[in-house]
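What follows is a set of notes on a single structure, which appears directly below.
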Amino acid sequence: MADIAAMAARLDDAAREARAIPQITGEDSTLSLADAYAIQGAAIDRRLARGERLVGVKMGFTSEAKMAQMGLKDQIWGRLTSDMVVTNGAAIERARFIHPRVEPEVAVRLNAPLTGAVTREEALAAVDAVAAALEVIDSRYENFRFALGDVVADNASSSAFVVGPWMPAGTDISDVAMEMRVDDAPAETGTSAAILGDPIRSLVAAARLAGSAGLVLEPGWIVMLGGATAAAAIGSARAVSLDAAHLGRVGFTIEGGGA
Ligand code: 0L1
Ligand code: MG
């Protein structure tokens, strides 16, 4: 049985100090998915105790390719807090991260509570706005290597996210062409259809997974629906941008990049 509080403290400290740590499963190969989510919850509680607020959830492993790579049949999820929010066009500090990667995503904002088993129509009815978004993922584990339990405990690698201009609910997000540039060079291209074949399926899954943890996705929350392409390493880049067809452009700069 994992020491939930100790593991949560270890991950939370690693994130705050931008310092990589060994995988939990290296010393506890029996770490269960339930315990991994308990560690995630306890690490988030430490953030909330410092004054951060929950602002939404993120979905991970939403492409067939990533699920196959991990031998998974389901998605994972993590919590988003106020300290992870980056304004579109603003700068983030490179020193905040260990070995960050960035991926192009679609985000939705909710206007009604959503939890448990919901239909596609119920999920859509709870959407207030949609946007292109960029997620910065930063595994707290050495060499960005982890087993399933590790990455779940590590809040699905979430570390920052940037949302582009909000578009009205009803804007088609099923097959949005995306081009992500790192330092103005093309890094990844793809389409939002890679998110479970239709990003709304990811919202249905988010409600189901949150519900199984006793959590309600609240009005005003943002749900990051998953990566449309592989993630790109940020390395020493100075800027990242995403052009997402009719959803427009989103980006950020990196203070301390280029070093
Ligand atoms: O957002 C994601 O799909 C990432 C989930 C965690 C795995 C990773 O860090 O690649
Ligand atoms: Mg992601």
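Here is how the numbers come out for the structure above:
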item: Some residue of the range 67-77 being at pLDDT 95 or above and under 26 Å from Leu48 (Cβ atoms); result: yes
item: Verdict on Glu188 being touching a Pro at 6+ places or on another chain (Cβ under 9 Å), within 12 Å of ligand 1 (Cβ to nearest atom) and among the charged types (D, E, K, R); result: no
item: Lone qualifier among Asp35, Asp45, Asp74 - being more than 29 Å from Gly251 (Cβ to Cβ) and within 16 Å of ligand 2 (Cβ to nearest atom); result: Asp74
item: Gly226 being surrounded by fewer than 16 Cβ atoms within 10 Å (Cβ to Cβ) and either out of contact with any Leu (no Cβ under 7 Å at 6 or more places or on another chain) or touching a residue at least 40 places away in the same chain (Cβ under 8 Å) (or both); result: no
item: Residue under evaluation Arg208, criteria (1) within 16 Å of ligand 2 (Cβ to nearest atom); (2) in a helix (DSSP H, G or I), criterion not met; result: (1)
item: Count - residues of the range 6-39 that are part of a helix (DSSP H, G or I) and β-branched (Val, Ile, Thr); result: 3
item: Residue that is surrounded by the fewest Cβ atoms within 10 Å (Cβ to Cβ) [pool: residues in the range 173-205 that are more than 16 Å from the chain's Cα centre (by Cα) and assigned to a loop (DSSP other than H, G, I, E, B)]; result: Asp184
item: The range 89-144, residues that are among the basic types (Lys, Arg) and closer than 30 Å to Ala14 by Cα; result: Arg94, Arg96, Arg101, Arg109, Arg140
item: Ala156, sole failed condition from (1) more than 18 Å from the chain's Cα centre (by Cα); (2) within 27 Å of Gly220 (Cβ to Cβ); result: (1)
item: Extreme residue, nearest to ligand 2 (Cβ to nearest atom), among residues of the range 56-71 that are crowded, with 18+ Cβ neighbours inside 10 Å and of a type in the set (S, T, N, Q); result: Thr62
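Here's the yes/no breakdown for (1) of a type in the set (D, E, K, R); (2) within 20 Å of Asp183 (Cβ to Cβ); (3) within 16 Å of ligand 2 (Cβ to nearest atom); (4) not in a strand (DSSP E or B):
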| site | (1), (2), (3), (4) |
| --- | --- |
| Val223 | no, no, yes, no |
| Ala230 | no, yes, yes, yes |
| Gly235 | no, yes, no, yes |
| Ser241 | no, yes, no, no |
| His246 | no, no, no, yes |
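The values are calculated or read from the model by the stated rules, or taken from the named source; none is laboratory data. Predicted, not measured: the structure shown is a model, and the values here were computed from it. Neighbour counts run over all protein chains shown; Cβ positions are idealised from the backbone, glycine included.
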